Amino acid sequence: MTAQIIDGKESAAQLRSSVAGHVAWLKEEHGITPGLAVVLVGGDPASEVYVRNKGRQTIEAGMSSLEHKLPTETSQADLLALIEQLNSDPDIHGVLVQLPLPSHLNADLVINAIDPAKDVDGFHISNVGLLGTGQNAMVPCTPLGCLMLLRSHLGDLSGLEAVVVGRSNIVGKPMAQLLLNDSCTVTIAHSRTRDLASFCRRADILVAAVGRPEMIPGDWIKPGATVIDVSINRIARDGKQQLVGDVDFGSAAEVAGAITPVPGGVGPMTIACLLANTVTACCRAHRLSEPEGLTL
Ligand code: NDP
């Protein structure tokens with residue numbers, strides 16, 4: 001193996017420690033405890049695990065954590081009423097509605113009901129617009145984590161050719177926008193892209209966010225490229241359950257300059273960035289200077 005491993009666990013631990021430092025400062029100097037509210041509708045097992053982890057890490061960072069677990073049959077009106085209540089609660093600085101929502105609920109309507117200043121997931125249409133115009137947005141956590149890893153590994157990204165595979169609103173599109181804002185030349189590929197391999201082979205930075213186990217082999221990767229593998233796919237191999245990304249790690253690591261592992265790459269950064277966004281939202285709400293290192 002020749003590629004350097006980009007250690008997301010280590011970077012996330014540093015970010016969480018920086019978050020905890022800012023939280024301590026907010027408490028001691030200003031008597032403010034940042035608060036994050038997470039709303040979960042229904043009992044999707046994966047979502048329950050995410051919500052539990054978010055709550056635990058929020059408390060470990062010294063913040064207050066509020067969890068609202070609502071039954072699957074919750075009505076749109078009741079969910080909107082809860083969001084309204086959280087929007088007007090001065091002790092809550094971040095509001096997150098865990099996706100996916102049950103199919104009878106309109107996710108766009110629900111997300112756009114969150115106060116954009118408390119939208120720590122960065123999915124509200126106002127934050128999408130701010131990011132798209134290069135203004136001070138709440139940046140979606142997973143792409144924010146990817147960009148932090150890229151900047152800390154490569155420094156200035158200006159002029160690099162970046163290819164993002166996947167165009168979802170929560171990962172692919174904001175990732176591409178962040179890379180563009182950092183002056184990369186950006187291509188977004190998706191399921192209709194013709195000859196995906198030829199696009200991937202041009203990339204100095206390749207971000208894979210598809211959800212198809214090991215679909216990108218090493219011979220699609222430019223020698224020396226930096227590879228960010230966002231996906232977490234569960235597969236059965238040799239009779240065991242295993243987590244793998246969209247990139248075939250073994251062959252890719254022979255060609256790439258650096259690569260994120262799965263697990264232990266992008267995943268740990270996502271929750272750390274959620275905590276960072278909550279502190280940023282808290283500072284903005286109280287008109288305090290923006291904490292350095294927690295946002296872009
Ligand atoms: P979506 O399913 O919303 O989007 C997947 C994207 O991949 C779509 O744009 C789709 O294209 C594209 N795609 C599908 N098949 C192909 C193909 N054969 N070739 C090229 N592109 C293809 O997923 P998300 O964006 O929500 O998530 C992507 C992955 O990232 C998932 O594995 C998810 O588990 C993971 N994830 C990880 C996080 C973390 O913290 N590490 C956080 C969030 C997500 P089209 O639009 O044309 O359908």
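Accessible surface for His104 stands near 100 Å², nearest 10, in the context of the full protein assembly shown (1.4 Å probe).
Take Lys173: with every protein chain present and a 1.4 Å probe, its accessible area is about 100 Å². Over all other residues within a Cβ to Cβ distance under 15 Å of Ile125, the charged ones net out to -2, with Lys and Arg as +1 and Asp and Glu as -1.
With each label modelled as a point 7 angstrom along the Cα→C-beta vector, the Ala81-Arg202 pair spans 5.4 nm. Each DSSP beta bridge with both residues in the chain is either parallel or antiparallel, and the antiparallel ones are about 15%. The protection proxy used here, the mean number of other Cβ atoms lying within 10 Å of each residue, ranks peptides 274-283, 20-29, 70-79 as follows, highest first: 274-283, 20-29, 70-79. Largest accessible area first, the listed residues Arg167, Arg192 line up as Arg192, Arg167 when surface is computed with a 1.4 Å probe on the assembled protein chains.
Among the DSSP helices (H) of the chain, those spanning at least 24 angstrom by Cα along their long axis with an average Kyte-Doolittle hydropathy of 1.0 or more are 266-285; this is a geometric and hydropathy rule only. Rg then Dmax, both in Å and based on the Cα atoms of the chain: 19.1, 56. Taking the alpha-carbon distance from Lys69 and a cut-off under 30 Å, which lysines remain once sequence neighbours fewer than 8 residues away in the same chain are dropped? Output for Lys69: Lys9, Lys27, Lys54, Lys118, Lys173. Dipole magnitude for segment 141-268: about 400 debye, using +1 per Lys or Arg Cβ and -1 per Asp or Glu Cβ, origin at the Cα centre. For a paramagnetic label modelled at 7 Å from the Cα of Arg212 toward its Cβ, which residues of segment 180-194 fall within the zone defined by backbone nitrogen distances under 11 Å? In segment 180-194, the label zone of Arg212 (backbone N under 11 Å from the point 7 Å along Cα→Cβ) covers 190-194.
To the nearest 10, the accessible area of Met148 is 40 Å² with a 1.4 Å probe. Taking all protein chains together, Thr260, Thr33 sort by accessible area into Thr33, Thr260, largest first [probe 1.4 Å].
Sorted largest first by accessible area at a 1.4 angstrom probe radius, with every protein chain in place, the residues Leu96, Leu288 fall in the order Leu288, Leu96.
Counting Lys and Arg as +1 and Asp and Glu as -1 over every other residue whose Cβ lies under 12 Å from the Cβ of Gln242, the net charge comes to +1.
The values are calculated or read from the model by the stated rules, or taken from the named source; none is laboratory data. In this text the structure is predicted, and so the values were computed from the model without any measurement. Positions of Cβ are backbone-derived with ideal geometry, glycine not excepted, and every protein chain shown enters the neighbour counts. These accessible areas exclude ligands, DNA and RNA; they are computed on the full protein's heavy atoms, side chains included. Shrake-Rupley method; radii C 1.70, N 1.55, O 1.52, S 1.80 Å.
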